[in-house]
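Each remark here refers to the structure printed beneath this line.
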Amino acid sequence: MSANRNEWNIELYNEKHGFVYEYGKDLVKLLKPGEDELILDLGCGTGQLTNEISESGATVIGMDASENMINAAKEKYSNIDFYVKEAANFQFEEPFDAIFSNAALHWVLESEKAVISMFDNLKNRGRLVLEFGGKGNVKIIIDAVDKILKESGYPEKAEIKNWYFPTISEYTTLLESNGFEVELAQLYERPTELTDSENGIKEWLLMFGTVVFKDLNVEVRDQIIDKIQEEVKGRCFINGKWFADYMRIRILATKK
Ligand code: BEZ
């Protein structure tokens, strides 16, 4: 996962970005964890969904590339095993019945390596239950970031593309050519209400846009972020609430 995610601010994440795991609860229903199953939560962040899965009785292990996320998860859920590992190259001793991943794989630019690692760590007929940003994800926000950065004299920062948002055909082809059978593949709009009703987009950018803004002094950064929020207001501020224009790709696949 990207270096900036590894430096995430845990307090800001838990206080203002709880929607990340709130939406993930629906994906746990699709996982249908069985009591006797061994499940991996890939990109588990601070462990809320890992805990939710474990409450079904399954044995679950959490992994994330971010050490501070994993430390926070270990502190909160001491009954669960958590590991710092990269999605593009990981290996566990025992193969899993299922690999679950919510809102993480769009950080993994080496997508084929991640698919191969998931394949190698599943039992035969083991399943993948995945959801992450798909084609068109946060396009309104990204376009505004690019526009304001260019207008502010930082065209090179507008070129930083830090995420992997595939189409359905791109991702299902990747899965099928690496030994998976795909049972479900959906790309759907999921406008996501942001927690802060005053500065939702600014908070989102401060949390997730750190790599883009990292070399700017705080004053300049804040001016740019103000302008970006203003730029997207017409489309992202609805009935007094801020929304991020999320597009989700959702996958259910089995190792052949
Ligand atoms: C997402 O969950 O779609 C997302 C989060 C942070 C940055 C980009 C996308």
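The values are calculated or read from the model by the stated rules, or taken from the named source; none is laboratory data. Note that the structure is predicted; figures quoted are calculated from it, not measured. All Cβ positions, glycine included, derive from the backbone under ideal geometry; neighbour counts span all protein chains shown. Calculation scope for accessible area: heavy atoms of the full protein, side chains included, ligands and nucleic acids excluded. Shrake-Rupley method; radii C 1.70, N 1.55, O 1.52, S 1.80 Å.
Considering segment 1-159 at the alpha-carbon level, its Rg and Dmax are found to be 16.7, 57 Å.
The 3J(HN,Hα) values that the Karplus relation (6.51, -1.76, 1.60; θ = phi - 60°) gives for segment 22-34 are, in residue order, 4, 5, x, 4, 5, 6, 4, 5, 5, 5, 6, x, x Hz. Gly and Pro appear as x. Comparing LEU122, LEU174, LEU130 in a Gaussian network model of the chain where C-alpha atoms under 10 Å apart are linked, the largest mean-square fluctuation is found at LEU174. Taking a Cβ cut-off of under 14 Å around ASP120, the surrounding Lys, Arg, Asp and Glu residues balance to a net charge of +1, with basic ones at +1 and acidic ones at -1. Expressed as a whole percentage, what fraction of the accessible surface of the chain belongs to carbon and sulfur atoms when a 1.4 Å probe is rolled over the protein heavy atoms? About 46 percent, which is the carbon plus sulfur part of the accessible surface. In degrees, nearest 10, range 0 to 90: what is the angle between the Cα axis of helix 67-76 and the longest Cα principal axis of the chain? Roughly 60 degrees between the two axes. Among beta bridges from DSSP that stay inside the chain, the antiparallel ones total about 55%.
Each residue of segment 196-206 was assigned a 3J(HN,Hα) from its phi angle through the Karplus curve 6.51 cos²θ - 1.76 cosθ + 1.60 (θ = phi - 60°); the sequence is 8, 6, 9, 10, x, 6, 4, 5, 4, 5, 5 Hz, with glycine and proline shown as x.
Work out how much length GLU112 to ARG235 would gain on full extension: take 0.36 nm times their residue separation and subtract the Cα-Cα distance, in nm to one decimal. Mind showing how you got there, number by number?
Working: separation 123, 0.36 × 123 = 44.28 nm, distance 3.41 nm.
Computed gain between GLU112 and ARG235 is 40.9 nm.
Just so you know, the averaged projected area of the alpha carbon convex hull for segment 55-113 sits at 4.7 nm². Once the mean of 1/r is taken over each pair of separate Cα atoms and inverted, segment 82-212 shows a Kirkwood hydrodynamic radius of 16.8 Å.
For segment 116-130, the Karplus equation 6.51 cos²θ - 1.76 cosθ + 1.60, evaluated at θ = phi - 60°, returns couplings of 5, 4, 5, 4, 5, 9, 9, 5, 4, 6, x, 10, 10, 10, 10 Hz by residue, with Gly and Pro reported as x. For PHE132, the residues 5 or more places off, or on other chains, whose built amide H falls under 5 Å of its own are ALA103, ILE249. In this structure segment 58-187 gives 46 Å² per residue of accessible area when probed at 1.4 Å with all protein chains present.
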